[in-house]
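Below is one structure, written out as C-alpha cells, with a few remarks after it.
All of the numbers you see were taken from the coordinates with simple rules; none came from a lab. A quick note: this is a predicted structure, and the numbers were derived from the prediction, not measured. Please note: Cβ atoms are built from the backbone with ideal geometry, for glycine as well, and neighbour counts cover all protein chains shown.
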Amino acid sequence: MNYKFRHFFAIGMLLLLGNVANAYDFQADGIFYKVISMSERTVEVTFKELEFDPNNVVPSYAGVVTVPATVDYQGVSFRVTAIGENAFKSCAGLSKVILPVGLRVIGGYAFSDCTGLTDVDIPNTVTTISDCAFERCHAFTHVVIPASVTEIGGMAFSCEGVQTLTIEDSPEWINAGGYWGRAFAFPNILQAYIGRNCGGWQAPSSLIDNWYQNGKLQRVEFGPYVTEIPYCILYGDAYNLTELVLSPNIKKIAWGGLSGCYALKRLVLPDAVEEIEDYALSGGWGDKPLALTDLVIGSRISRIGENTFTGCLNLQSITVRRPDAISIPENAFHAQTYMTATLYVPKGSKVASEQQVLVDELIRTQFEKGELDSLQWAQWWEEYWLGQNYPKGYYSDTVRMYETKEVPGYSQTAYWSNFLRIEEGEGAAVTRWPFTVEATGGGTVQALGKQVRNTTMSEYVEEGTDVNILLVPDYGYVVDKVLLNGKDVIVIPELNIQTFTIPAINGKETLSVSFKAIETSLLIRTSEQGALEQTVAYGTACTFRITAADGYVLHSVVFNDTDVTSEVQSDGSYTTPNITGKAILSVAFEADPSAISTTRASAMRVLPYSQGISVQGLTRGETIAIYATDGSLVAQRRVSAATEYIALPVGQVYIVNVEGRSVKVML
C-alpha cells in the first residue's frame, strides 16, 4: 500500500466517521462542505445542522460569503462543483455570496428565503439550477441566466422585486419549468430578454409568469438563436406588453405562445415563420379582446392552426406575404374579423382555402339538395347556433352573395374566402425592414429604444422611419469605426458621446460600430540621456519618487507644459493627474546651491516645454549660454526680459548656464 493510497484512504475514513455526527464532512474558513465524490475529489457547499428541519431552520451563514473554486482538507484539494440542497436556505442575514467559476449545480432551495440577498452572479459554468433554488429572494432586482445553464427547475426564481430578466444567447436549448410547471414568477417584471430556445415540462408554460392579469411586463425580446416561441410563454400574463421584438430566425409560434399580449397593436411576424399553432393569439383569460389592429404574416408561412387569432377582434388589416396559396382552417379568425378586416395578399397571387366559409360547406349542400331554403337556414343558424359571436346578418348576407356568385374568390379555390374584402398589396400594416446593430469593444450603441453591447440586435422598422443612434463609449474608450451596410459613411470624431440619425429607412440596414481603447502613455524625461515611456491605464495617476544625483538638487518638474514643482512632496514623491492621453513628465536638476557662493540657484528657473525651454527669474543684461553634454555651445543670448523662451530640438540633454548658475535639463 503506497503512501498516496494510505493517505487518501485515511481521509476517507475520517470523513466517514465525521459524517456520523454532522450533515457536513468538514469545514474550512467558515464554510461547510460535503463530499460528492472521493475519486473525483469534488464537494458541495452544505449547511451546518445535523439534519435539515424545514420547520426550524437554523441559518448557517451571514454577511458576505465567498465560495472558493477549490478547498484543501488534510492535504487533499477538492473542487467545489455544487451548492447543495438547502445550503443557504433562510439565511436572512446573508448580504452577498460570490460563487466560483467551475460550479456546476445549484441545488433545490439552495438560496430559498435569503431575503437580504440582492443578487447573485451565476458563473458561466453552472448547468443546472434546481427547483425553488432562489424562491422568495424578493430583494433581487434582476436575474441573469448564463449561456451554460441547460436546466432550470420549477419555481427556481420566485422573486417579487425582479424587474429585468436576461437569458443569455446560446444555440443550445434550455429546459425550464420542471415539475412545478414554471421557472420564473416575477409579478413586477418590466423587461425580459430571451436568448435561446426553451422547452420542458409544460414548457416553459409561464416562463415569465407575472401572476396572471396583474403583470407589469412591458417589453420582451427574443434573441437571434430563438427559432420557436414556446408553449404559452406569454399566456394570460402580458396585459401591459407593448413592445415585442421577435428574432428574425423564428420558425414556429407554439400553442398559446402569444395569447396574453393584450396591449400589442401591431405585429409583424418574421418571414422565417412557417407554422403558427392553435390559439397562438387567441387571448389568454376571459373575453377581453386583444388590441391588435394590424398583422403581417411572412412569406414562408405554411400552416396556421385553429382559433389562432380568435382573440383579435380589433384587427383591421391582415397582410399575408406568401405569394402562393395555403390552406387554413375556417375558424383561424373570429367571424367578426372576416366581416371588418381587409386581407391583403401579394399581387397576382392565387386564393385558396382548406375550408370554404360555412355557406360553402354547409348551406351549399342543403341548397343544392333542395332540403332547405338557404336564406331561411342562414337566419336560423345565426339566431340559434352562433349567438353573439357572429355579427347579425353575416350568414344571410353571405348566402345572397353565394347565390349571385359574388363570394370573394369563388371562381378560384378561395384563399381565406371568408374575408369579405380581399385586396392586393401591403395594406395598413406598412412595409417593415430589418434593422441590425452590431456592437463590439468597450461601448454601447443605443437604437430603437434598446442598448446593444458586444452583441447583435435585429428589429423590424417601418419604411420611411428615421432611426436615431446614440454611441456611448466606456470610460477610457472612443468610437473606432462606424459602418452602414459595410461602408464607412459616417465620420465620427473622438468624443465621449456621439449622436446621429439614419434617415428614412427604405431597405435592409446593418449598422456596425466598434469602440477602441484610448491610447495612454507617460513619457518620463530627466536630465540624463534617454527617456522612459510606459503605457498606463486610462484615467489613472502615477506616483514617482524623484532623487537627485550627488552634487545636484531638484530644479523643476513639468507635467504637460505645466510647472508642478510645488506639488513635489518633502520625500521627493510626486503624483501625476489622471492620465487620459499621451503625457510628458520632465524633471530638471541643478547644481547643489551650497556649492555656489555667488547667488542662490533658486533665483533662476529653467522649465522645459513642448518646443524648447523657458528661463525665468533673469536680470536684464545677463548672458544665457546653452551647451550640449559634449561641451559644444548650442545657443547664447543676452537677457532682455525676466523670462526668456528659447527654441531647442527635443530629445536631447542640455546644460543651461546663467552667470555661473547651471541647470541640466532634457527635452
Between Ser95 and Ala504, with labels modelled 7 Å along Cα→Cβ, what's the label distance in nm to one decimal, could you check?
5.9 nm
Taking 0.36 nm per intervening residue step and subtracting the Cα-Cα distance, what contour gain separates Ser632 from Lys48 on full extension?
202.1 nm
For the stretch 430-490 and the stretch 56-91, what is the separation of their Cα centres, given in Å?
43 Å
11 Å reach of a label modelled at Ala517, 7 Å along Cα-to-Cβ, counting backbone N of the stretch 438-456
442
